[in-house]
1. Could you tally the net charge around Gln58, taking each other residue with its Cβ under 10 Å from the Cβ of Gln58, Lys/Arg +1 and Asp/Glu -1?
2. Net charge within 11 Å of Asn32 by Cβ-Cβ distance, Lys/Arg positive one each and Asp/Glu negative one each, not counting Asn32 itself?
3. In the range 33-72, what is the volume of the convex hull around the alpha carbon atoms, normalised per residue and reported in Å³?
4. Using unit Cβ charges (K, R positive; D, E negative) and no other charged atoms, how large, in debye to the nearest 20, is the dipole of the range 33-72 about its Cα centre?
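No value in this document is a laboratory result; all are computed from the given coordinates. This is a predicted model, so every value here is computed, not measured. Heads up, the Cβs are rebuilt from the backbone with ideal geometry, glycines too, and the neighbour counts pull from every protein chain shown.
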Amino acid sequence: MDKSKRPFIKSKRSFRRRLPPIGSGDLIDYRNMSLISRFISEQGKILSRRVNRLTLKQQRLITIAIKQARILSLLPFLNNEKQFERTESTTRMASFRTKNK
């Protein structure tokens, strides 16, 4: 049989549908920190819909809940560990001050 006359055969690749990250019983609320923390990156940024696999309505509700939690100081605006480390400039200034005294 010639290649041009063969019928198109679709490959029968099976795939497993991923479960949605938010169950039907989960309440999207600013107080539900275990749910909200799943949708925030290590830097404290809100993850996108494609990464989260959420619907548009769920993503909007999650975003509003995260922003409310940030305003009420339940979540930090930035999750940056570098701000707590001493940098070289501050240690140099401290040593400079001790030398002048």
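1. Neighbourhood net charge equals +3.
2. Values: positive: Arg31, Arg38; negative: Asp26, Asp29.
Around Asn32, the surrounding residues sum to 0.
3. Working: hull volume 2.5 nm³, N = 40.
Expressed per residue, the convex hull around the Cα atoms of the range 33-72 is 61 Å³.
4. Numbers: 9 positive and 1 negative charges, 40 e Å.
My answer is approximately 200 debye.
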